[in-house]
Amino acid sequence: MRRARRIAALAVAFGVVAGVALTNTAAFAQSATPSADEKVTFVSGTTNDMRTVNPFKAIETPEYEVLSLNYDMLINFAKDDLGPAPGLATEWSQSEDGLTWTFTIRDDAFWQDGEQVNADDIAFTFSRIVEFQLGSGLDYLPYSTPESFTAPDDRTFVWTTEVPTIAPTIPPWIYIVPEHLWADRDKDAMKKWNFEPGTNPSIGSGPFELTEWTKGDSWTMTANPDYWGGAPEIDEYVVRRFNNEEAMVTALKSGEIDYLSAIGPDLFDSLEGQAGITQWVGPATGFVQMSMNSCDPENTASDFCADTGSTGHPALLDPVVRTAIAHAIDKDTLVERILGGYGEAGETIVPPFASQWHYSPTEDEAVTFDLAAANALLDDAGYADTDGDGVREMPGGGEPLDFRFILRSEDEQAPDMGRFISGWLTEIGIATSSEVLTDGKLVNAWLDNDYDLYIWGWGPDPDPDFILSTFTSNQCGSWSDTCYSNPEYDQLYTDQKTASDTADRQAIINEMQQIIYRDVPEIVLFYDKSLEAYRSDEWTGLEDNISPTPEGFLWGQYTAYTALTVQPIGAGGTTSGGSGGGVSPVVWLGILGAIVIVIAVVLLSRRGRSDEDAA
Amino acid sequence: MGTQRYLLGKIAQVLFTLFFILTFNFFLFRIMPGDPVTLLVRSAGAELTPEQQDELRADLGLDKPIFPDQYVDYMRDTLTGNFGVSTIIDPGRPVSEIFWERMGRSFILLFTSTVASIAIGTLMGIYGGWRRGGRVDNGSMVGSMILYSMPEYVLGILLLLLFANVFQIFPTAGYIDPVADYTGLAYVADYLNHMALPFLTLTLAYLGEYYLLMRSSLLDVMGEEFITLARAKGVREKYVLRRHAVRNALLPTVTLIALSFAFVLGGAITVELVFTYPGVGLLSYDALVNRDFPVLQGTFLFFSVAVLLANLIADLTYGYLDPRVRTA
């Protein structure tokens, strides 16, 4: 017994030591940081996990971020306006007949395994995409066959199309892969490829190479000192995944991470005035829209709409009703209340960050928030409330204007948006029946044309081609939000793809935006801005290289500019690893030791007892 | 003979339940609205034509009829130990491989915190029941009620705010620091730092339950006549407690330990979500969100089997501890 007691006293003493040490944790943690060769690492947080880094299969934002650092494109997005800028191609020209584009390929680009990047690699990547019909890249290679892409010599790449097109300068959002590593892979192997350290390295020609990936947790990219655009200032870029925004914001405050993005307005505001943290309001690259069922099986250029039919309310096929609804929505209030002010009221379907292409309606064209005007429009068109229940009926006293309004369960803001909009519509004699559906169910409703209204969003490319395509008749049943069909618009879409120069294309695209704004198959409610924040007490080189301008991203840019310039403040080069606190090994040793001793004491005291309990 | 029949009956019951679970798992995940492809379709950047979508569906084996084709494939594969490959969250990697990698991390967390909550909760319960109405008992009674009734994620977020935000002692997420390449003791310390808050959350969350049960069970036993007899024999109070009271009072705790296994796994999911701890809990959540059917089925099957086994063990242990159960 006595011996046991002495050990117990020892354990208590141990515990006290551990406790004292715990209060000095910060000092311990610092001094215990093991690696002497200071490696400069920039750490960012994301709430969006990565699934694949296959250049032909990426879907999520973090996947694109990794690819944009790991690979090069034929033509980059310019820093200021996201137009075409030199990438692997230094210059390009179109032939007289408009059918052939010739690109000069830079001679200072190398794959991360040391081989030189040649025109063959580009021709190979593009042909394979067309031949194997690989993923999203296809959209960027219109009017082309696998034979369209050739490399007459190492420094010349030639792209011949069936009709004249501006597509090669959009630029094609395709990451160029090395032919010498990918040539042997058949279609299946190309689609199934994924990064595996050691066996399947992620070899590109970009400023960073993906070198580690702990699934569901974090991934590490290592700088490529031989990058043709210059070596990055940092040694490593690490992304840590968080399952919730709150924890991610906490990690920024404690210095565990250096950068974060894509957080809600409330959390963003909570960073205000935090020492060492700079908040950054980026560009409005996406939009949230309210779509109105525009499928009219009797009158459509879409086979899909004609075959599938529609359960949509007949009133929504009348542009007057759609315009009245547009008049009844106070977009400024939505920006203020839903986005906390971090956004812009919605206008046309090309977001303003694509400053070159965005069309802003003139004062005459603008459909402003005006309930009186909305009511007047509906009165004049014969939508009267004949039975006095506050809801208008179809002209001649038919079906009441009661719309099925679908909100996404996966969108936290949906209930609030729904309440605002339903409230305004009530004031113009339109009733709504809200339903909250999962994305899966909404997709089904949308593909069956089985809805009246729904709210969803888009994150378009810098070039408007794709978002414009979603309103063409043949996108109905595929990408079209509303099954809108307008032969005039369809023709304009083809025209802009084959326009002879940028000014022509600009004029056509403006007209397309005007048509959609005037016909209102959907209402762009607002453009939401990206919200970012970083540790400005430790890092510099971000704010002077934002892209695009004047409002741009600090990080996660379309073409990575700040990835080359971000650097620690001060020549010493602070690493951020382990700076988020933590108990030092010595303290843990103490704690574990104390636990072991306590257990030992308990066991010993049990043994000591056995002779006494015969009673 | 009675024991043998009891055993065989139990095992047959388990096998039948297992078959039911396998079938149920299969259909449960397939009646959820939205197949993986339609979900991918609307994600930003996934610009797939309808033909590409069909091809993707074929790749994932979703083009065959659910019954009988997909079901038969699934049963045959599962029974032969082939759980398939992940379709979405880690495409192409065998589910069992993904699972065991994550399970290692979860096991350390779950095992240590369960042992800690049982040990601390039970010891506190014994002390509380013994010194009933004392200051310690009253204090821990209130504390236990609060911990017992608080959802794990609320407790987790509170601890996160306190230790990661206010005091900045422990990291907010992950299981190791991906930046520093720690080795040896520093690696272990880093691992423990990351495990500290999830561990604390789980331990505290389940401690109250064990405390309350042990305390009330001990109070029951202390009123029994054999305790009075032991005291009358002149056995010292300490040994009355240890040899007579605690031993009998432990019976309900054993049942609870086995039953609570299911709750611990459930708790693992919430706690791993709060602290982004990449174990099986986070894995099953990711699989659910992304409709990665093979991974989802694999993790659910494991959870179900684990609970079944725990119950079986509880039954058998109980039979061993209390012979009356076997013959009943």
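For the stretch A:412-440, enumerate the residues that are in contact with an Asp or Glu (Cβ under 9 Å, 6 or more places away or on another chain) and of a type in the set (D, E, K, R). If you could, list the steps in order and put the result at the bottom.
First, the residues of the stretch A:412-440 that are in contact with an Asp or Glu (Cβ under 9 Å, 6 or more places away or on another chain): A:417, A:420, A:424, A:429-433, A:438-440.
Result: A:439, single match.
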Regarding the stretch A:420-433, can at least one residue be identified that is surrounded by fewer than 18 Cβ atoms within 10 Å (Cβ to Cβ), in contact (Cβ under 8 Å) with a residue 24 or more places away in the chain and in a strand (DSSP E or B)? yes
Among all residue pairs at least 6 apart or on different chains, which show Cβ distances below 6 Å where the first residue, located in the stretch A:226-240, is away from chain B (no Cβ under 14 Å) and touching a residue at least 60 places away in the same chain (Cβ under 8 Å) and the second is assigned to a loop (DSSP other than H, G, I, E, B) and crowded, with 23+ Cβ neighbours inside 10 Å? A:227/A:207; A:232/A:207
Select from the stretch A:126-154 the residues that are part of a loop (DSSP other than H, G, I, E, B) and within 14 Å of chain B (Cβ to nearest Cβ) and write down the one among them that is surrounded by the fewest Cβ atoms within 10 Å (Cβ to Cβ). A:133
Determine if the stretch B:300-308 includes at least one residue that is among the β-branched types (Val, Ile, Thr), surrounded by fewer than 24 Cβ atoms within 10 Å (Cβ to Cβ) and in contact with a helix residue (DSSP H, G or I) (Cβ under 9 Å, 6 or more places away or on another chain). yes
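Which members of the stretch A:523-536 meet the condition of being acidic (Asp, Glu) and at pLDDT below 95?
Across the stretch A:523-536, the qualifying residue is only A:528.
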Can you work out which of the residues in the stretch A:182-222 that are surrounded by fewer than 22 Cβ atoms within 10 Å (Cβ to Cβ) and among the small types (Gly, Ala, Ser) is farthest from the other protein chains (Cβ to nearest Cβ)? A:183
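Please return the ranges of helices (runs of 4 or more DSSP H) entirely within the stretch B:1-96 where 3 or more residues are over 28 Å from the mean Cα position of the chain (by Cα), of a type in the set (Val, Ile, Thr) and modelled with pLDDT under 75.
Of the helices (runs of 4 or more DSSP H) lying wholly inside the stretch B:1-96, those with at least 3 residues that are over 28 Å from the mean Cα position of the chain (by Cα), of a type in the set (Val, Ile, Thr) and modelled with pLDDT under 75 span B:36-41.
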Given the conditions (1) in a helix (DSSP H, G or I); (2) hydroxyl-bearing (Ser, Thr, Tyr); (3) crowded, with 23+ Cβ neighbours inside 10 Å, and given that residue B:228 satisfies all but one, which numbered condition is not satisfied? (3)
Read through the list (1) away from chain B (no Cβ under 13 Å); (2) touching a residue at least 40 places away in the same chain (Cβ under 8 Å), then give the number of the only condition that residue A:273 fails. (2)
Taking the stretch A:570-585 as the region of interest, how many residues are surrounded by fewer than 16 Cβ atoms within 10 Å (Cβ to Cβ) and either under 18 Å from residue B:241 (Cβ atoms) or modelled with pLDDT of 50 or more (or both)? 2
Looking at (1) without any contact (Cβ under 8 Å) to a residue 12 or more places away in the chain; (2) within 12 Å of chain A (Cβ to nearest Cβ); (3) of a type outside the set (Phe, Trp, Tyr), which one does residue B:135 not meet, given that it meets all the others? (2)
What is the residue count in the stretch A:392-437 for residues that are in contact with a Pro (Cβ under 9 Å, 6 or more places away or on another chain) and over 16 Å from residue A:454 (Cβ atoms)? 6
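I want to confirm something. Restricting to the stretch B:264-297 and keeping residues that are over 26 Å from residue B:178 (Cβ atoms) and more than 12 Å from the chain's Cα centre (by Cα), which single residue is nearest to the other protein chains (Cβ to nearest Cβ)?
Step one: list which residues in the stretch B:264-297 are over 26 Å from residue B:178 (Cβ atoms), which gives B:264-266, B:291, B:293-294, B:296-297.
In the following step, the residues that additionally are more than 12 Å from the chain's Cα centre (by Cα) were identified as B:291, B:293-294, B:296-297.
Numbers: B:291: 8, B:293: 13, B:294: 14, B:296: 14, B:297: 18 Å.
That would be B:291.
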It is to be established whether one or more residues within the stretch A:178-192 are closer than 30 Å to residue B:177 by Cβ and part of a loop (DSSP other than H, G, I, E, B). no
Looking only at the stretch A:276-286, which residues are within 14 Å of chain B (Cβ to nearest Cβ) and surrounded by fewer than 17 Cβ atoms within 10 Å (Cβ to Cβ)? A:276
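The values are calculated or read from the model by the stated rules, or taken from the named source; none is laboratory data. Just so it is clear, the structure is predicted and the values come from calculations on it, not from any experiment. FYI the Cβ positions are ideal-geometry reconstructions off the backbone, even for glycines, and counts take in every protein chain you see.
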